[in-house]
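Remarks on the structure that follows.
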Amino acid sequence: KNEVEQSPQNLTAQEGEFITINCSYSVGISALHWLQQHPGGGIVSLFMLSSGKKKHGRLIATINIQEKHSSLHITASHPRDSAVYICAVSRDSGGGADGLTFGKGTHLIIQP
Amino acid sequence: KAGVTQTPRYLIKTRGQQVTLSCSPISGHRSVSWYQQTPGQGLQFLFEYFSETQRNKGNFPGRFSGRQFSNSRSEMNVSTLELGDSALYLCASSVQWGTEAFFGQGTRLTVV
């Protein structure tokens with residue numbers, strides 16, 4: 001079982017819809033990251049959070065540390081939001097690789 | 001300010017050769033991490049450097065190595081290339097370990 005699980009793997013929605021992408025993890029973490037990757041490869045960091053909720057424009061990220069779960073929401077979705085959204089965690093130090101551990105990503109397509 | 005710069009953007013090498021990839025972090029950032037992205041395995045952590053010292057290494061063979069210079073620029077080297085090394089190699093920089101990571105555009109390596 002992967003340490004970071006995302007759902008859904010693929011999501012197609014109509015412009016304007018409210019989008020939710022979920023991330024569950026099974027290890028102790030110091031922070032959780034939401035990343036966006038467009039075709040061509042470049043990755044943009046959307047959020048880094050360790051508790052509560054953060055908002056940036058139409059994007060909202062929440063995390064529940066007790067349940068080891070995070071969600072990324074997109075309000076009023078737009079075709080330019082089409083991308084791969086990746087959840088990643090920074091594991092607690094104390095053993096193993098301390099670099100980011102990634103989920104498999106959610107392929108989001110917003111149709112006009 | 002300038003983002004993370006990776007060079008070259010694209011590279012084609014032959015099996016058995018070696019390759020060196022370069023990453024220039026954002027000015028003031030002292031931590032550089034490297035990641036490999038393949039369709040099958042997704043994003044995987046290679047190694048992380050901070051102030052010229054390797055802090056952590058992922059689960060990759062010794063053919064993969066790296067270093068960081070006093071100006072925080074980093075290089076990674078892959079020796080005796082195999083077909084399976086074909087991937088997008090991404091580097092990310094941050095002010096220090098555990099803070100928000102900023103990614104470069106990546107180097108797409110093809111081994112033939």
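The values are calculated or read from the model by the stated rules, or taken from the named source; none is laboratory data. What you see is a predicted model, and the numbers here were worked out from it, not measured in a lab. Ideal geometry is used to build each Cβ from the backbone, glycine not excepted, and the neighbour counts take in all protein chains shown.
Number of residues in the range B:35-51 that are in contact with a strand residue (DSSP E or B) (Cβ under 6 Å, 6 or more places away or on another chain) and surrounded by fewer than 13 Cβ atoms within 10 Å (Cβ to Cβ) equals 0.
Within the range B:100-112, being surrounded by fewer than 20 Cβ atoms within 10 Å (Cβ to Cβ) and either in contact (Cβ under 8 Å) with a residue 40 or more places away in the chain or not charged (D, E, K, R) (or both) holds for B:PHE102, B:GLN105, B:ARG108, B:THR110, B:VAL111, B:VAL112.
What about B:ASN56, is it more than 14 Å from B:GLN6 (Cβ to Cβ), of a type in the set (S, T, N, Q), within 10 Å of another protein chain (Cβ to nearest Cβ) and more than 11 Å from the chain's Cα centre (by Cα)? It is true that B:ASN56 is more than 14 Å from B:GLN6 (Cβ to Cβ), of a type in the set (S, T, N, Q), within 10 Å of another protein chain (Cβ to nearest Cβ) and more than 11 Å from the chain's Cα centre (by Cα).
Per this entry, B:SER65 is not counted among residues that are within 25 Å of A:HIS38 (Cβ to Cβ), in a strand (DSSP E or B), among the small types (Gly, Ala, Ser) and more than 10 Å from every other protein chain (Cβ to nearest Cβ). Restricting attention to the range B:76-95, does a residue exist that is among the β-branched types (Val, Ile, Thr) and either outside any strand (DSSP E or B) or within 11 Å of chain A (Cβ to nearest Cβ) (or both)? Among the residues of the range B:76-95, at least one is among the β-branched types (Val, Ile, Thr) and either outside any strand (DSSP E or B) or within 11 Å of chain A (Cβ to nearest Cβ) (or both), which makes the answer yes.
Selection of the range A:6-55 for residues being over 19 Å from B:GLN96 (Cα atoms), of a type in the set (Phe, Trp, Tyr) and surrounded by 13 or more Cβ atoms within 10 Å (Cβ to Cβ) yields only A:TYR25.
Condition check for B:MET76 on (1) hydrophobic (A, V, I, L, M, F, W, C); (2) over 22 Å from A:HIS33 (Cα atoms); (3) touching a Pro at 6+ places or on another chain (Cβ under 9 Å): one failure, at (3). Take the conditions (1) assigned to a strand (DSSP E or B); (2) within 14 Å of chain A (Cβ to nearest Cβ); (3) closer than 18 Å to A:GLY99 by Cβ; B:ARG108 misses just one of them, which is (3). Applying the condition of being exposed (fewer than 15 other Cβ atoms within 10 Å of the Cβ) and of a type in the set (Asp, Glu) to the range B:52-99 and asking which residue is nearest to B:HIS29 (Cα to Cα) yields B:GLU52.
Against the conditions (1) of a type in the set (A, V, I, L, M); (2) over 20 Å from A:ILE110 (Cα atoms); (3) more than 10 Å from the chain's Cα centre (by Cα), A:LEU32 satisfies every one except (3). Only one entry in A:ILE63, A:ILE19, A:ILE74 is modelled with pLDDT of 95 or more, more than 14 Å from every other protein chain (Cβ to nearest Cβ) and touching a helix residue (DSSP H, G or I) at 6+ places or on another chain (Cβ under 6 Å), namely A:ILE74.
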